[in-house]
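Accompanying notes for the structure given below.
The values are calculated or read from the model by the stated rules, or taken from the named source; none is laboratory data. Because the structure is a prediction, the values reported are computed rather than measured. Heads up, the Cβs are rebuilt from the backbone with ideal geometry, glycines too, and the neighbour counts pull from every protein chain shown.
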Amino acid sequence: MRCPFCAHEDSQVKDSRPTEDGAAIRRRRQCEACGARFTTFERVQLRDLTVVKKNGEREPFERDKLARAIGHATRKRDIPADKIDRMITGIQRRLETQGDEVKSAEIGEAVMDGLKALDHVAYIRFASIYKDFSEPGHFAEIAESVEKEAAPAPPPDKLL
């Protein structure tokens, strides 16, 4: 593993353990040249995914790009990082089981589903960019739909 500080090619693994959710291996490394310590994560990748964008372009799937998009939506929200990471891992696994190519719209919908279950404000933030809101009314519409879904159903005897 290349050292992020001095770019030396060799580093020594000092400690290795699974992450809390067991989806990755966390390794503490030390550079053999400069002695700096850093952490790396090793994840299982079932297959190489290609994302097919709306305009037909194809590009390799990047977990970090997905994490950044979700990070923008969840910024300043009180959501534990491990929940966000589990959501990202779940989305990636679901996409990997669908085949080698995945449409960007499928990724967007998977993120919307995950955020809706995780945090309504983050869901609305992501939706505003993903759905390309152009008017304030769009925010009101999606907020109303979230509020309706989140409201508890009235007891059956109150429906009549």
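Conditions (1) closer than 27 Å to VAL13 by Cβ; (2) among the β-branched types (Val, Ile, Thr); (3) modelled with pLDDT under 90, marked per residue:
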{"site": "ASP48", "(1), (2), (3)": "yes, no, yes"}
{"site": "GLU57", "(1), (2), (3)": "no, no, no"}
{"site": "ILE84", "(1), (2), (3)": "yes, yes, no"}
{"site": "ILE91", "(1), (2), (3)": "no, yes, no"}
{"site": "ALA105", "(1), (2), (3)": "no, no, no"}
Would you list the helices (runs of 4 or more DSSP H) that sit entirely within the stretch 64-130 and hold 1 or more residues that are over 27 Å from ASP48 (Cα atoms) and more than 9 Å from the chain's Cα centre (by Cα)?
104-118, 120-130
For the stretch 73-130, which residues satisfy the criterion of being of a type in the set (Asp, Glu), out of contact with any helix residue (DSSP H, G or I) (no Cβ under 9 Å at 6 or more places or on another chain) and free of Cβ contacts under 8 Å to residues at least 24 places away in the same chain?
ASP78
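Scan the stretch 30-42 and tell me whether some residue there is basic (Lys, Arg), under 29 Å from ASP100 (Cβ atoms), in contact (Cβ under 8 Å) with a residue 12 or more places away in the chain and not assigned by TED's automatic domain parsing to the domain that holds LEU118.
No, the stretch 30-42 contains no residue that is basic (Lys, Arg), under 29 Å from ASP100 (Cβ atoms), in contact (Cβ under 8 Å) with a residue 12 or more places away in the chain and not assigned by TED's automatic domain parsing to the domain that holds LEU118.
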Among residues of the stretch 83-106 being in contact with a strand residue (DSSP E or B) (Cβ under 7 Å, 6 or more places away or on another chain) and not charged (D, E, K, R), the residue surrounded by the most Cβ atoms within 10 Å (Cβ to Cβ) is LEU95
Among the residues of the stretch 24-72, the number that are of a type in the set (Ser, Thr, Tyr) and loosely packed, with under 14 Cβ neighbours inside 10 Å is 2
